[in-house]
Amino acid sequence: GILRRQLKIEVLDDNRVPERTIANVKKALANPHTVAMIGLSATDRARETFNALGGEIGASGIPFLSDISLTGIFEEQANVFTMRPSQDDERIPVLAQFIRTRNVQRPSFVGLKDVLSSSSLGDSLTGLDDVGLVADHRLTLQDNNLDPAAIATVIADLKQKDTDMVFLALGPRTAPVL
């Protein structure tokens, strides 16, 4: 416990279902004994949760420790913190500096179209003023698989454009291994 007060930890598993994530957070917010919340690592579910409950989460004042890399998702809630480096504020500047110091001339991006963390990385790389991507491919998962023909097309394009570095963002962890 803390200060001689017993703590009860309740685990609310969402089974990677966004509606369940939202329901779990609602349940925790409604409990008058909630003193803190820990969780949310999947960017897409985090975005949906904060779109649905961000105001309530912020108004609760309950400390919420997360593992969200896109800080824009929760930046309006002063009581939400992350253990993960910010993609926008930390990762992208480091990647940009890496590209510059390695004198990468023809960088490319290959990611997933409908996965927020992946598309955000691609958008951020595309938005770098002095680093022009020679190729930007956003693939679509169909039944948790990538189309082999689409992969072949991407590879052919990367070869044709003579890319010298490819940034891959083919997560989440449920995505297939290539």
Practice prompt. Quick one: which residue in Ala156, Ala135 is more than 26 Å from Ser69 (Cβ to Cβ) and among the hydrophobic types (A, V, I, L, M, F, W, C)?
Written response: Ala156
Worksheet item: What is the residue count in the stretch 135-161 for residues that are at pLDDT below 95, over 22 Å from Ser41 (Cβ atoms) and part of a loop (DSSP other than H, G, I, E, B)?
Response: 4
Worksheet item: Based on what the data block shows, is Asp129 under 27 Å from Lys159 (Cα atoms), assigned to a loop (DSSP other than H, G, I, E, B) and open to solvent by 30 Å² or more (accessible area, probe 1.4 Å)?
Response: yes
Item to complete: Return yes or no: is Gly111 in contact with a helix residue (DSSP H, G or I) (Cβ under 9 Å, 6 or more places away or on another chain) and open to solvent by less than 40 Å² (accessible area, probe 1.4 Å)?
Response: yes
Response to the item:
Within the stretch 1-46, of all residues that are small (Gly, Ala, Ser) and without any contact (Cβ under 8 Å) to a residue 40 or more places away in the chain, the one surrounded by the fewest Cβ atoms within 10 Å (Cβ to Cβ) is Gly1
Worksheet item: Could you list, in sequence order, the residues of the stretch 52-73 that are of a type outside the set (Asp, Glu), closer than 20 Å to Glu90 by Cα and either surrounded by 17 or more Cβ atoms within 10 Å (Cβ to Cβ) or within 13 Å of the chain's Cα centre (by Cα) (or both)?
Response: Ser66, Ile68, Ser69, Leu70, Thr71, Gly72, Ile73
Fill in: Which numbered condition Leu168 fails, given (1) surrounded by 15 or more Cβ atoms within 10 Å (Cβ to Cβ); (2) touching a residue at least 24 places away in the same chain (Cβ under 8 Å)
(1)
Worksheet item: In this structure, is Val94 without any contact (Cβ under 8 Å) to a residue 60 or more places away in the chain, more than 15 Å from Leu168 (Cβ to Cβ), open to solvent by less than 70 Å² (accessible area, probe 1.4 Å) and of a type outside the set (Lys, Arg)?
Response: no
Worksheet item: So which residues in the stretch 132-149 are of a type in the set (Gly, Ala, Ser) and open to solvent by 30 Å² or more (accessible area, probe 1.4 Å), if there are any at all?
Response: Gly132, Ala149
Worksheet item: Among Thr49, Thr101, which is out of contact with any strand residue (DSSP E or B) (no Cβ under 6 Å at 6 or more places or on another chain), open to solvent by 90 Å² or more (accessible area, probe 1.4 Å) and among the hydroxyl-bearing types (Ser, Thr, Tyr)?
Response: Thr101
Fill in: Whichever residue in the stretch 138-165 is over 24 Å from Leu116 (Cα atoms) and polar (S, T, N, Q) and, among such residues, is farthest from the chain's Cα centre (by Cα)
Gln160
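The values are calculated or read from the model by the stated rules, or taken from the named source; none is laboratory data. As the structure is a computational prediction, the values presented were derived from the model and not from experiment. Methodologically, a virtual Cβ is constructed for each residue, glycine included, from the backbone with ideal geometry; neighbour enumeration extends over all protein chains shown. Side chains are part of the model used for accessible areas, which takes the heavy atoms of the whole protein and leaves out ligands, DNA and RNA. Shrake-Rupley method; radii C 1.70, N 1.55, O 1.52, S 1.80 Å.
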